[in-house]
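The values are calculated or read from the model by the stated rules, or taken from the named source; none is laboratory data. Computed from a prediction, not measured in an experiment: that's the story for all the values here. All Cβ positions, glycine included, derive from the backbone under ideal geometry; neighbour counts span all protein chains shown. Side chains included, ligands, DNA and RNA excluded: accessible areas come from the protein's heavy atoms. Shrake-Rupley method; radii C 1.70, N 1.55, O 1.52, S 1.80 Å.
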Amino acid sequence: MPTGKRDGNQKSNGESAAEAIYRVVASIPPGQLASYGQVAELAGLPRQARRVGRVLSQLPADTRLPWFRVVNAAGKISFPVGSSGYQRQLNHLIDEGSAFADGRLRWRDCRL
DNA sequence: GTCCTGACGAGCG
DNA sequence: CCGCTCGCCAGGA
């Protein structure tokens, strides 16, 4: 193995951390929610919830990923109440019946 | 190279 | 319930 200092965080699959995160988020079934930490763990990145938040923050507006199904460990939307991101996420969750209009979420872990 | 920030989490007072 | 600290990692200045 040549001076391969390339590994970084790739899984043996050749799948980057971001790819793993995308895959996990995409696998969250409708009506269910997962925390950043949960997603990180399922993606093979324990203790890296922050990484998940970072990746999601870079998602394009037209992404197909159900990023709105990802909430923090407190079971709440991780955006300042009233912000556009908050409204957008809450809107999607309400649409799926995972949240009430007052911002209260129906907590359901993903538990795969 | 260092420093700061961030869609987090758990612990402590 | 609130606020603070520390750990963790990536990326931009």
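Assorted remarks:
- One residue stands out in segment A:54-76 among those that are within 15 Å of residue A:31 (Cα to Cα) and touching a Phe, Trp or Tyr at 6+ places or on another chain (Cβ under 7 Å): the one that is surrounded by the most Cβ atoms within 10 Å (Cβ to Cβ), namely A:70.
- Top-ranked residue in segment A:77-98 [being of a type in the set (A, V, I, L, M) and under 20 Å from residue A:26 (Cβ atoms); ranked as most open to solvent (accessible area, probe 1.4 Å)]: A:77
- If you check A:19, A:15 for being assigned to a loop (DSSP other than H, G, I, E, B) and surrounded by 14 or more Cβ atoms within 10 Å (Cβ to Cβ), only one passes: A:15.
- Test: residue in segment A:71-93 that is charged (D, E, K, R) and under 20 Å from residue A:23 (Cα atoms): no
- Condition met for residue A:111 (open to solvent by 100 Å² or more (accessible area, probe 1.4 Å), touching a Gly at 6+ places or on another chain (Cβ under 8 Å) and modelled with pLDDT under 95): no
- Residue check, residue A:46 more than 9 Å from DNA strand B (Cβ to nearest atom), open to solvent by 30 Å² or more (accessible area, probe 1.4 Å) and in contact (Cβ under 8 Å) with a residue 24 or more places away in the chain: no
- Residue count for segment A:50-65 under the criterion of being over 9 Å from the mean Cα position of the chain (by Cα) and within 16 Å of DNA strand C (Cβ to nearest atom): the result is 7.
- Unmet requirement for residue A:29, which otherwise passes all of (1) farther than 12 Å from residue A:69 by Cα; (2) open to solvent by 40 Å² or more (accessible area, probe 1.4 Å): (1)
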